[in-house]
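Q: Next up is a structure, given as structure tokens.
The numbers here are math on the coordinates, done by the rules we state, and not lab data. Since this is a predicted model, take the numbers as computed values, not measurements. Positions of Cβ are generated from backbone atoms using ideal geometry, with glycine treated the same way; all protein chains shown enter the neighbour counts.
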Amino acid sequence: MTTAAAPVEHAGTFQHSAAFYRGQEDLIGILGPFVRAGLDAGEPVLVAELPDRVEALRRDLGADASRVDFVDMATVGANPARIIPVWRQFVGDHRGRAVRGVGEPAWPGRTGAELDECRLHESLLNLAFEDLDTEFRLLCPYDADRLSADVLADAGRNHPVLTPAAPVPGYAGTPGALDLFRRSLPEPPPAAERMEFGADDLSGLRSLVRRLCDLVPLGAGEADDLVLAVHEVATNSVVHGGGSGVLRGWLRPTALVVEVSDAGHIEDPLVGRQQAPAFDEGGRGLWLTNQLCDLVQVRSSAAGTTVRVHTWR
């Protein structure tokens, strides 16, 4: 077992650290001191972890566990785009106070698409909290035994500090987040269903998505959610993306995937990760899509925008 102290503080009010651990005993040896340091300082602490990690940490903390807020990361982080709102709410609920959190979004067994979104999420955290006026320490554990070398390298690029304390020369910062958001997603398979649409074609688009749902099949509620989400995204294409777009849909062993692409350009990489004002139709649509779908991938550059939604089979 290796032991590590809490991450060394670094400049800025958002202190974003990654911890590489080997086995659950090692993980608790890292998280326990980090959480206790927050409690001793009178800081609110939120731990977003998988259930087995939560139980192990509760046992380690003993009576102090009652002073910590715990949430199930498998639920709140199933779609990584939903995690930043949880941290925003936590920081907002304790405005004016230093706070700290633990979040493990990239756990072993996640699909490649999920891990891609975990990478983007971790990168966007640095942008989402760059202008904080209070102190927020966030520690993100990574399973060094069971995650790939690529995932671990991405953790180094997305966190300015590692635990045990070691500066990361490859930290990409805000430019790295923008680069990830602008990268194209892998091409759909050649056999994907394809439909070009405009303002007069949304009814037919919904019918096509419904037929794709019938191929899986999905439950009625899941199908309704997917149809509504794709309609919202396609409406954004019509209103904000040049008046038209292209829908593609295909089946994977684990999911039904539907993609909408258009010629529009989204400048805010945090779109859909914070609830937009009522008058902001584009932001509201992607927020709703993130609430309805199992996984949502958004990429945008001057070349256009792609929104890809996954519903697990």
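Q: Along the Cα→Cβ direction, 7 angstrom out, place labels at Glu267 and Ala78. What is the inter-label distance in nm?
A: Distance between label points: 3.6 nm.
Q: Can you tell me the dipole magnitude for region 1-145 around its Cα centre, using point charges on the Cβ only (Lys, Arg +1; Asp, Glu -1), in Debye to the nearest 20?
A: So the dipole magnitude of region 1-145 works out to roughly 220 debye.
Q: For the chain, what is the calculated [θ] at 222 nm in deg cm²/dmol (nearest 500), taking -39500 (n - 2.57) for each run of four or more DSSP H residues and dividing by its residue count?
A: -13000 deg cm²/dmol
Q: Can you tally the net charge around Ala223? Count Lys and Arg as +1, Asp and Glu as -1, for every other residue whose Cβ sits under 9 Å from the Cβ of Ala223.
A: -3
Q: Per residue of region 231-247, in order, report the coupling 6.51 cos²θ - 1.76 cosθ + 1.60 (Karplus, θ = phi - 60°) as ³J(HN,Hα) in whole Hz, putting x for Gly and Pro.
A: After applying 6.51 cos²θ - 1.76 cosθ + 1.60, I find 4, 4, 5, 5, 4, 4, 4, 5, 7, 10, x, x, x, 7, x, 10, 9 Hz.
Q: Can you pull the Rg over Rh of region 42-125, Cα-only, Kirkwood?
A: The Rg/Rh ratio comes out at 0.99.
Q: Work from the charge dipole of region 14-182 (Cβ charges, +1 for Lys and Arg, -1 for Asp and Glu, about the Cα centre) and give the residue of Trp87, Gly32, Cys118 farthest towards its positive end.
A: Checking the options against the dipole of region 14-182, the answer is Trp87.
Q: Given the options Thr163, Thr254, Thr235, which has the most mean-square fluctuation in a GNM of the chain, springs set between C-alpha atoms less than 10 angstrom apart?
A: Residue with maximal mean-square fluctuation among Thr163, Thr254, Thr235: Thr254.
Q: May I have the pair-distance distribution P(r) for region 165-274, computed from all Cα-Cα distances with 5 Å bins from 0 and rounded to whole percent?
A: The percentages, shortest bin first, are 2, 10, 18, 18, 18, 14, 8, 4, 4, 2, 1, 0.
Q: Trypsin sites (Lys or Arg not before Pro), restricted to region 136-221: which are DSSP loop and have at most 12 other Cβ atoms within 10 Å?
A: Those that pass, being in a loop and sparsely packed, are Arg146, Arg183.
Q: Among Ala65, Ala177, Ala41, whose Cα projects farthest towards the positive end of the dipole of region 14-182, with charges put on the beta-carbon of Lys, Arg (+1) and Asp, Glu (-1)?
A: Most positive-ward Cα: Ala41.
Q: Could you list Ser203, Ser301 so that the one with the fewest beta carbons within 10 Å of its beta carbon is first and the one with the most is last?
A: By the 10 Å Cβ count, ascending, the order reads Ser203, Ser301.
Q: Okay, next question. Sum up the charges of everything whose Cβ sits under 10 Å from the Cβ of Arg22, counting Lys and Arg as +1 and Asp and Glu as -1, but leave Arg22 out.
A: In short, -3.
Q: Here's another thing I want to ask about it. Report the charge-dipole magnitude of the chain in Debye, nearest 20, computed about the Cα centre from +1 at each Lys and Arg Cβ and -1 at each Asp and Glu Cβ.
A: Charge dipole, the chain, about its Cα centre: 200 debye, nearest 20.
Q: Moving on to the next point. For the chain, divide the Cα radius of gyration by the Kirkwood radius and give the resulting Rg/Rh value with two decimals.
A: Reported Rg/Rh (Cα atoms, Kirkwood Rh): 0.99.
Q: Any chance you could list the semi-axes, whole Å, largest first, of the equivalent ellipsoid that the Cα gyration tensor gives for region 1-154, using √(5λ)?
A: Largest first, region 1-154 gives 21, 19, 15 Å.
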